[in-house]
Amino acid sequence: MVIDILNELARLIEQERDELLARWRVQVRKLPAARDLDTPTLNDHLPYLLAELSTALRFGSEETIAQALLDGSPPAHGLQRVKDAFDIEEVVAEYNILRGCIHDLADRHELSLQGKPFHVLNRVLDGAIGSAVQSFADQQALEVRHRREEYLAFVAHDLRTPLN
């Protein structure tokens, strides 16, 4: 029964991907950093994430699902969101909006996401959030380190100039 529900959810995600993305975009555009992004930039890696998610749900193993997403699009999505000037709360929010859209999709098709299917889906999305946030934070730390090094080089140059 659980595998049937997960397979059906995977089928729905594949079949209604464009509508799912459209509903997600409407809600994500309410986030300050997303308001002025064009559709391809806003979508970013989400179509790939949906494909990875549906494949992982069909495969069935919770451990394999988490690994598939860890190696997939969430880290790249987190890096892109740094470039798009999102803050970390907005990165988490867009994944939670996706979670809500997937639950709404299941409800519209009278697919019960209770018990194990509920936990599997949430574990997958929580893993994707963690992976995206980790790459986002790593990129921000790298940029801060780079700015600090530039500042220190500037100060060192200014200190050396009068001495010369």
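The values are calculated or read from the model by the stated rules, or taken from the named source; none is laboratory data. Every value quoted in this text rests on a predicted model; they were computed, and no experiment measured them. Cβ sites come from the backbone with ideal geometry, for glycine too, and all protein chains shown count toward neighbours. Note: areas computed on protein heavy atoms with side chains; ligands, DNA, RNA excluded. Shrake-Rupley method; radii C 1.70, N 1.55, O 1.52, S 1.80 Å.
Work out, in µm²/s and without decimals, the Stokes-Einstein translational diffusion coefficient of the stretch 1-156 at 4 °C, 1.567 mPa s, Rh from Kirkwood over C-alpha pairs. This corresponds to a translational diffusion coefficient of 79 µm²/s.
Given a 1.4 Å probe and the protein chains as shown, H103 ends up with an accessible area of around 40 Å².
Per residue, the solvent-accessible area of the stretch 75-142 (1.4 Å probe, heavy atoms of protein chains only, all protein chains present) comes to 45 Å². Summing charges over neighbours of V82, with a neighbour being any other residue whose Cβ is under 15 Å away from its Cβ, gives -4 when K and R count +1 and D and E count -1.
Share of carbon and sulfur in the accessible area of the stretch 1-42 stands at 52%, probe radius 1.4 Å. Fully extending the segment from A141 to Q27, taken as 0.36 nm per residue of separation minus the present Cα-Cα distance, adds 38.2 nm. When only alpha carbons are used to place a centre, the stretch 15-38 and the stretch 70-131 end up 13 Å from one another.
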